[in-house]
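This report concerns only the one structure given below.
Every number in this text was worked out from the coordinates using simple rules, so none of it is lab data. None of these values were measured; they are calculated from a predicted model. Cβ placement follows ideal geometry from the backbone for every residue including glycine, while neighbour counts extend to all protein chains displayed.
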């Protein structure tokens with residue numbers, strides 16, 4: 001427990017470090033915050049300064065940073081210029097859609113990835129396995145934006161099976177609960193597949209490789225020599241050992257699913273963390289940029305922590321220190 | 001590979017989904033408008049994009065409706081209006097039967113308040129400049145009488161007062177002006193008075209407008225429910241339009257429109273847009289300080305090719321800062337023809353020749369030999385501009401001019417332009433419906449304004465100033481013609497083309513009921529009808 005706590009505290013400081021760097025880096029870009037007022041040619045410098053001052057942007061960057069630090073300690077993440085509400089609210093509101101896509105994608109990629117990987121290892125060298133292996137490489141290398149559009153073209157445009165964008169239908173509010181759930185599932189399908197395909201392929205290939213490595217170990221040979229049933233060898237001796245490194249991927253892949261994918265969210269019009277990040281950067285919404293960075297880096301760090309914890313639980317030889 | 005025993009289960013789920021998914025929606029009694037961007041806010045003073053304005057105009061009423069000739073106005077919130085003897089004052093008599101969606105009556109006091117908001121430096125409304133300069137006061141005498149006083153007499157007195165968004169005083173005054181930009185209050189429950197009211201706004205997803213039951217004209221709107229679906233990805237948006245999920249798609253690229261011209265379910269509505277695309281030559285840069293050079297560049301760019309090949313003919317050649325459909329446009333000006341020989345000759349006259357045989361023109365300026373090399377900047381979001389930039393690069397290389405292209409994200413691009421930190425810029429202006437070139441070409445606008453190319457010509461300044469305030473439009477036209485001749489001669493910009501806007505509608509909508517124009521693509525949305 002002590003270890004986890006230590007790591008968590010560490011991770012908070014690390015997130016802050018990252019946010020601090022971003023805080024200063026973003027100010028190296030041309031300042032276009034409140035671009036609309038800059039477009040007003042006769043607006044006096046005085047008024048622009050007053051508006052900037054109301055957001056504390058008139059002060060030197062260092063002072064702004066100290067103010068930000070002070071606010072953060074009291075739990076205030078600042079106020080978004082473009083959404084005109086607290087940064088924390090923006091992040092919470094955007095996190096829900098990201099999760100809605102992320103969780104199914106997570107289940108899909110690990111479920112299918114492990115399944116295909118294990119089956120591939122078992123059938124190594126057969127024609128079907130070799131084909132699958134190459135196919136996975138193709139899936140892994142497909143650009144997400146291309147895959148997304150192709151899926152829409154196929155499943156929404158041609159076959160009209162799944163809705164092409166958004167998280168629910170236009171008449172969502174008039175639906176019964178069952179219909180609502182069903183409607184949401186339909187909407188989640190394509191973006192979740194798009195988001196999960198590349199990781200799924202990577203996980204499948206990874207699982208296959210670790211599985212093969214384990215199957216060539218001497219203790220498996222020993223088991224075979226003992227005359228143990230193939231199934232028992234496979235399921236009881238090989239599988240748990242082979243899945244060990246796969247489980248560590250859980251943590252590493254966490255950010256892919258839960259930190260918001262810019263591309264998938266753009267294609268399928270999902271107002272998630274990815275879209276929030278892009279909008280905040282394009283409009284130089286400084287408090288939001290820093291807030292989102294803080295959030296995303298925290299997810300990455302927590303993901304790593306989960307990896308480590310899972311590893312120690314599954315492999316008694318490794319103890320957290 | 002052995003088929004897994006769970007496989008039939010997955011197959012079953014998939015088939016189930018497919019069957020359920022096949023239920024097609026029954027006949028829709030609403031329409032869906034597609035957009036790549038969301039609106040900024042339902043507070044019209046904070047909402048600056050063109051799309052926001054088009055949409056907000058459907059939920060907020062103005063005093064009058066500007067007509068497609070950009071000169072006349074038809075009564076709306078104002079039943080009628082009277083001019084004072086000396087024309088420095090207009091008295092508006094308002095309708096007595098207009099209510100905000102919360103039941104409070106829309107009165108002259110709302111307009112008086114709106115004027116304060118429009119001119120408040122704290123609100124910093126984008127269009128406040130003209131209002132502040134021209135309108136002296138707006139005063140409500142009683143609930144239905146409004147008096148507007150002007151500093152002087154000029155032709156666009158109605159245009160200016162009609163530009164003011166009328167917002168509900170009893171709601172908006174709860175938040176002080178200085179807090180407007182920091183407050184999400186206005187977006188929570190928008191109180192409006194137009195034919196439509198806001199039923200739902202899911203940021204970045206959709207907007208739902210429904211018929212406003214309190215609207216004074218009970219015959220409208222004809223279509224009672226409108227959805228705006230926000231899909232940032234253009235390919236996805238187009239597929240949904242072709243599929244019938246989206247009924248109205250604004251701003252379709254010419255190449256796409258050409259491809260689907262024969263689709264039986266959709267109709268394209270094309271109309272000239274009050275806008276033009278240009279290349280601005282930064283005259284602070286010694287390369288472009290000489291008028292002869294700028295003329296040469298205009299002769300050296302094959303605009304006809306750009307229109308024919310890149311825009312598929314969906315554009316009109318531009319010759320002046322007033323588009324050809326606008327009354328102030330000088331019809332006598334003919335576009336600079338593509339004439340590379342003449343361009344070369346002009347460049348030679350201006351002292352540019354290839355003295356070292358490296359294929360690039362050079363000239364000694366301030367005791368230093370410089371090559372004719374520069375960078376053209378444009379914004380990344382606009383695919384057409386990027387293609388045009390490449391065509392121009394090709395044309396100029398034939399003259400011995402080396403042009404680099406640099407593409408920026410829109411906001412950064414604007415920053416570079418406004419800071420005048422560029423050599424040449426490929427961009428466009430949308431033209432206001434009242435002629436005034438002060439902001440873009442007046443020498444005063446170099447310091448504070450949009451004279452981004454730092455063009456300066458005292459004769460132009462004088463003529464422009466006199467024409468802008470002339471109340472007799474036919475006399476003003478004579479001066480505007482002269483002003484355009486000066487611009488034509490000086491070529492501070494190379495005027496490229498006036499775009500033709502292409503919007504698509506599904507044929508479910510009766511196209512004869514649809515009017516789209518440069519003022520708004522949803523100009524008469526409340527009159528649209530379904531088949």
Checked the range A:155-287 with the C-alpha gyration tensor, a ≥ b ≥ c its square-rooted eigenvalues, rounded below a/c of 1.5, otherwise prolate if a/b is larger than b/c and oblate if not; verdict prolate
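Using the Kirkwood formula on the Cα atoms of the protein assembly as shown, what hydrodynamic radius do you get, in angstrom to one decimal?
Computed over the protein assembly as shown, the radius equals 30.9 Å.
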If R0 = 22 Å, then residue A:313 and residue A:99, at their Cβ-Cβ distance, give a FRET efficiency to the nearest 0.05 of 0.35
Assertion target for B:429, A:146, B:480, ordered by fewest C-beta neighbours within 10 angstrom first, is A:146, B:429, B:480
Take peptide B:235-245, look around each residue's Cβ out to 10 angstrom, count Cβ atoms belonging to other protein chains, and average those counts.
5
Counting only C-alpha contacts under 8 Å and six or more residues apart, can you give the relative contact order of chain A as a whole percent?
29
A student asked for the Cα radius of gyration and Dmax of the range A:176-231 in angstrom ought to give 20.6, 61
The Rg/Rh figure for the range B:203-340, Cα atoms and Kirkwood Rh, to two decimals is 1.11
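Based only on other Cβ atoms within 10 Å, what is the fewest-to-most ordering of B:86, B:362, B:465?
The most exposed by this proxy come first: B:86, B:465, B:362.
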The helix A:87-122 Cα axis meets the longest alpha-carbon principal axis of chain A at an angle in degrees, between 0 and 90 and rounded to 10, of 20
Descending semi-axes in whole angstrom, ellipsoid equivalent of the range B:52-109, from the Cα gyration tensor
22, 18, 9
Determine the relative contact order of chain B: mean sequence separation of Cα pairs under 8 Å and six or more apart, normalised by residue count, in whole percent.
18
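Does the range B:268-322 come out rounded, prolate or oblate by the C-alpha gyration tensor, with a ≥ b ≥ c the root eigenvalues, rounded set by a/c under 1.5 and, if not, prolate when a/b is larger than b/c and oblate if not?
Prolate, since a/c reaches 1.5 and a/b exceeds b/c.
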Note on the range B:62-165: alpha-carbon gyration tensor, axes a ≥ b ≥ c; rule is a/c under 1.5 for rounded, else prolate if a/b larger than b/c, else oblate; result rounded
Give the order of B:287, A:62, A:212 when sorted by the count of other beta carbons within 10 angstrom, beginning with the fewest.
A:62, A:212, B:287
Can you give the alpha-carbon Rg of the range A:81-223 over 2.2 N^0.38 Å, where N counts its residues?
1.37
With 27 Å as the cut-off, how large is the P(r) tail for the range B:354-509, expressed as percent of Cα-Cα pairs?
41
Kindly express, to the nearest 10 degrees and within the range 0 to 90, the angle between helix A:286-314's C-alpha long axis and the longest C-alpha principal axis of chain A.
20
Average projected area [Cα convex hull, chain A], square nanometres
23.0
Would you mind checking the tilt of helix A:177-215 against the longest principal axis of the Cα atoms of chain A, expressed as 0 to 90 degrees and rounded to 10?
50
Tell me the Rg and the Dmax, in Å, that the Cα atoms of the range A:17-131 produce.
24.2, 75
Please report, in whole Å³, the volume per residue of the convex hull around the C-alpha atoms of chain B.
207
Descending Cα extents along the principal axes, the range B:137-187, whole Å:
38, 24, 16
Averaged over peptide B:195-207, how many Cβ atoms belonging to another chain are found within 10 Å of each residue's Cβ?
3
What span do the alpha-carbon atoms of the range B:176-279 cover on each of the three principal axes, reported in whole Å from largest to smallest?
50, 42, 27
At 222 nm, what value in deg cm²/dmol follows for the protein assembly as shown if DSSP H runs of at least 4 each add -39500 (n - 2.57) and the sum is divided by all its residues, to the nearest 500?
-13500 deg cm²/dmol
Within 10 Å of each Cβ in peptide A:154-167, how many partner chain Cβ atoms are there on average? Round it to a whole number, please.
5
Could you work out the relative contact order of the range A:118-199, using alpha carbon pairs under 8 angstrom and six or more residues apart, expressed as a whole percent?
33
